[in-house]
Amino acid sequence: MSTTDGRLAVVVLVSGSGSNLQALIDAAASPASRFCITGVISNRPGALGLQRAVAAGIPTRVVDHTLFPDRHSFDAALAEAIDGFSPGLVVLAGFMRILTSDFVGRYAGRMLNIHPSLLPEFQGLHTHRRALEAGVREHGASVHFVTDELDGGPVIAQVRVAVKTGDDEASLAGRVLSREHELLPQVVDWFASDRVALRDGRAWLDGKALQEPVECCA
Ligand code: GRF
């Protein structure tokens with residue numbers, strides 16, 4: 001859905017620092033931006049991302065997962081909070097909860113996640129550590145549509161980062177994260193411009209099914 005000025009309404013879900021949220025806030029502040037963040041929701045009351053939203057004048061909600069007896073009741077409350085902001089797109093930006101199939105289905109084709117690896121490599125947690133252990137020369141991050149398979153939905157775009165001799169988990173994570181801040185606003189902008197879609201289980205860009213993820217950001 002759109003805001004009154006015709007921009008796409010986006011809700012961002014965070015669990016922690018929210019540096020990717022900040023990148024979206026900064027991008028949305030540009031007069032040329034085609035999207036607007038109408039709400040930020042966190043499952044953690046103390047998430048720094050909530051403070052970033054407040055500082056930017058964006059309404060926030062907390063849906064604390066520890067207060068719910070099971071995933072279904074948490075996801076139902078989360079969906080209610082999201083729908084209260086009437087978004088056309090939901091972005092998981094460091095949102096560290098596994099979501100139920102019903103929830104994922106409700107936002108099919110309009111929910112994106114950013115994951116810190118070159119998917120399909122290193123789905124799940126501790127991606128930087130695992131990339132170093134595997135001895136890969138290239139690592140990176142991916143933005144994909146969210147489907148039932150954890151970190152397994154169709155990938156839209158990626159950033160590639162060279163692994164350097166002497167890298168440790170923190171140095172590699174830092175370099176990947178700074179590139180994530182280019183990647184995520186770019187893909188959200190494409191979505192807001194109707195350039196990206198999920199169709200027949202595949203990611204499409206500019207009317208063509210992607211054979212492989214687009215490399216960002218040339
Ligand atoms: C990022 O690396 C993102 O890819 C992953 O969690 C991290 C969140 O960082 N899903 P931030 O909260 O955006 O700073």
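The values are calculated or read from the model by the stated rules, or taken from the named source; none is laboratory data. Just so it is clear, the model here is predicted, and its values are computed rather than measured. Cβ coordinates were reconstructed from backbone atoms using ideal geometry, including for glycine residues, and neighbour counts include every protein chain displayed. What goes into the accessible areas is simple: the full protein's heavy atoms, side chains included, and nothing from ligands, DNA or RNA. Shrake-Rupley method; radii C 1.70, N 1.55, O 1.52, S 1.80 Å.
For this structure, a couple of remarks:
Conditions tested, residue by residue: (1) hydrophobic (A, V, I, L, M, F, W, C); (2) within 23 Å of R129 (Cβ to Cβ); (3) touching a Pro at 6+ places or on another chain (Cβ under 9 Å).
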position: V143; (1), (2), (3): yes, yes, yes
position: A162; (1), (2), (3): yes, yes, no
position: S178; (1), (2), (3): no, yes, no
position: L184; (1), (2), (3): yes, yes, no
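- Scanning segment 28-67 for residues that are more than 28 Å from S193 (Cα to Cα) and not hydrophobic (A, V, I, L, M, F, W, C) yields N43, R44, P45, G46, Q51, D64, H65, T66.
- Within segment 133-162, considering residues that are part of a loop (DSSP other than H, G, I, E, B) and among the charged types (D, E, K, R), the one surrounded by the fewest Cβ atoms within 10 Å (Cβ to Cβ): R137
- Residues of segment 99-127 satisfying the condition of being assigned to a strand (DSSP E or B) and either within 13 Å of the ligand (Cβ to nearest atom) or modelled with pLDDT under 95 (or both): L112, N113, I114, H115
- A157 vs. criteria touching a Phe, Trp or Tyr at 6+ places or on another chain (Cβ under 6 Å) and either of a type in the set (G, A, S) or on the phi > 0 side of the Ramachandran plot (or both): no
- Residue in segment 25-45 that is under 18 Å from V104 (Cβ atoms) and touching a residue at least 40 places away in the same chain (Cβ under 8 Å) present: yes
- Lone qualifier among A56, A76, A81 - being at pLDDT 95 or above, of a type in the set (G, A, S) and open to solvent by less than 30 Å² (accessible area, probe 1.4 Å): A81
- Boolean, R130 is out of contact with any Leu (no Cβ under 6 Å at 6 or more places or on another chain) and assigned to a helix (DSSP H, G or I): yes
Here is a yes/no grid of residues against (1) away from the ligand (no atom under 16 Å from the Cβ); (2) of a type in the set (D, E, K, R); (3) in contact with a strand residue (DSSP E or B) (Cβ under 6 Å, 6 or more places away or on another chain):
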{"position": "I58", "(1), (2), (3)": "no, no, yes"}
{"position": "D64", "(1), (2), (3)": "yes, yes, no"}
{"position": "L67", "(1), (2), (3)": "yes, no, no"}
{"position": "H72", "(1), (2), (3)": "yes, no, no"}
{"position": "A76", "(1), (2), (3)": "yes, no, no"}
{"position": "I82", "(1), (2), (3)": "yes, no, yes"}
{"position": "V90", "(1), (2), (3)": "no, no, yes"}
{"position": "R97", "(1), (2), (3)": "no, yes, no"}
